[in-house]
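See below for the structure under consideration.
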There are 2 protein chains.
Amino acid sequence: MDNTAVLDIAMNAYWQADPVDISVNKICQLAGISKPSLYRTFGSEDGLKSAALDRYAAQVLSQISAILLQGANLRDTLDALIEFTSTDPRMTTGCLFYKMRSGKHRLGPKALAKVDQIDAVARAVYGSFLQARRDAGDWPGPVSVELGAKYLSEQIALAFTHRASGLDTSAVRQMLDLSLSIFQPVASKPQS
Amino acid sequence: MDNTAVLDIAMNAYWQADPVDISVNKICQLAGISKPSLYRTFGSEDGLKSAALDRYAAQVLSQISAILLQGANLRDTLDALIEFTSTDPRMTTGCLFYKMRSGKHRLGPKALAKVDQIDAVARAVYGSFLQARRDAGDWPGPVSVELGAKYLSEQIALAFTHRASGLDTSAVRQMLDLSLSIFQPVASKPQS
DNA sequence: CATATTTGGTACTGATCGGTAACAATGGTC
DNA sequence: GACCATTGTTACCGATCAGTACCAAATATG
């Protein structure tokens, strides 16, 4: 059994359910390997969670970065972000990063450091996106770039939480349209 | 040991930490009673959680209802709600109801029913508040009362989650000011 | 071929979980 | 005093947890 295959199975288990409900025993059973084998590869549950989170970030969060970096203007980019967040079929069980972050106190030092690292990267990505839009005169408002970045990040997190809780796609989209409408001074378009 | 005293201890334990991290053993230890004693009173962990949630709703969520019912106009009421949510010292560890709701899948049938019941009541309270404001011509926008109620409810939940995670009061207030600014149509229009 | 190292497994440790059987003390009722 | 229901206790149950000691096959290296 390949290490990355085991890691994928662990990542998906943590992702589909809740990390707090997935035990090391369960992952071994899912991956069809023994416990000492897993411990030899990842060292501890903390190491496994950290590695799964790392793989997740490389595989999923980079998509969000791509969306933010390629948009032509503020509105189109936000629309693409809303589209991805509310409808992407891979995210029907929410976002593993936000699941881990919401249960921070249960993580070991490695997974905790990984969460903080990803959090900082995400904040930086949102921040530089908003800064670029402000520099381009695309987002005038009185709101600071820092506050906007945190707000945007947390609204996306909320939307993923809603998706994980089973809220239907259109409701998630409506709520995101509302919450992100603060970025556009003009009225929002009705939902399609 | 009085039953309500035990219930208060359990409620505060669930409230201060996370319900998923508080075991029946821990509550017995905190309350200074034995396990069979607790089980005779509450039947099961499910019954205890349900009772604790019930007590919490009567004790805390009624405050939110009061804030919503006594406001003179939309803006003043929302400001009072933001003030309470972001600064009330009792809510520094978040809202027990939302903590329970976010771990729904771990609850037994009684606590689950209680969560759903409180959720419905909360939605109704937010809904009738917004409906009254719409009838009074205080909130014209194109947003439906139902969507507004859900949005409002979830933004408050997010704010409580942020408080529980240790985010400072002023940051929570700034985010709430932003997210609830969608309710005031008199917003500035810098540019179209 | 012989040796050493890695890779796999079985089967355990001690701890904690929710829940309960069995017993002791208490207190009201006649 | 005799009786009985309630309240509290200690000490256990089986299950599950994260983590590990130990063995067995395989594979690489000389």
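The values are calculated or read from the model by the stated rules, or taken from the named source; none is laboratory data. Quick caveat: nothing in here was measured; it's all calculated off a predicted structure. With ideal geometry, Cβ positions are generated from the backbone for all residues, glycine too; neighbour counts draw on all protein chains shown. Just the protein is used for accessible areas: all its heavy atoms, side chains included, with ligands, DNA and RNA removed. Shrake-Rupley method; radii C 1.70, N 1.55, O 1.52, S 1.80 Å.
What the table shows:
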item	result
Residue within segment B:171-178 that is more than 11 Å from chain A (Cβ to nearest Cβ) and of a type in the set (A, V, I, L, M) present	no
Candidate set from segment B:1-51 (those that are of a type in the set (Ser, Thr, Tyr) and under 24 Å from residue B:109 (Cβ atoms)); member that is modelled with the lowest pLDDT	B:4
Cross-chain or 6+ apart pairs with Cβ under 6 Å, segment B:26-44 first and closer than 20 Å to residue B:15 by Cα, then open to solvent by 80 Å² or more (accessible area, probe 1.4 Å) and assigned to a helix (DSSP H, G or I)	B:28/B:35
Number of the condition not met by residue B:137 [criteria: (1) touching a Lys or Arg at 6+ places or on another chain (Cβ under 6 Å); (2) on the phi > 0 side of the Ramachandran plot]	(1)
Residue A:28, sole failed condition from (1) more than 29 Å from residue A:169 (Cβ to Cβ); (2) open to solvent by 30 Å² or more (accessible area, probe 1.4 Å); (3) of a type outside the set (D, E, K, R)	(2)
Test: residue in segment B:81-90 that is buried (at least 19 other Cβ atoms within 10 Å of the Cβ), away from chain A (no Cβ under 14 Å) and within 16 Å of DNA strand C (Cβ to nearest atom)	no
For residue B:92: the one exception among (1) over 26 Å from residue B:43 (Cβ atoms); (2) modelled with pLDDT under 95	(2)
Residues that are out of contact with any helix residue (DSSP H, G or I) (no Cβ under 6 Å at 6 or more places or on another chain) and within 8 Å of DNA strand C (Cβ to nearest atom), drawn from segment B:22-42	B:23, B:25, B:26, B:34, B:36, B:39
Residues being facing chain A (nearest Cβ under 8 Å) and either modelled with pLDDT under 95 or surrounded by fewer than 18 Cβ atoms within 10 Å (Cβ to Cβ) (or both) - total across segment B:148-167	1
Test set (1) over 28 Å from residue B:162 (Cβ atoms); (2) in a loop (DSSP other than H, G, I, E, B) - residue B:4 fails condition number	(2)
Any hit, segment B:16-26, residues being more than 14 Å from chain A (Cβ to nearest Cβ) and under 20 Å from the mean Cα position of the chain (by Cα)	no
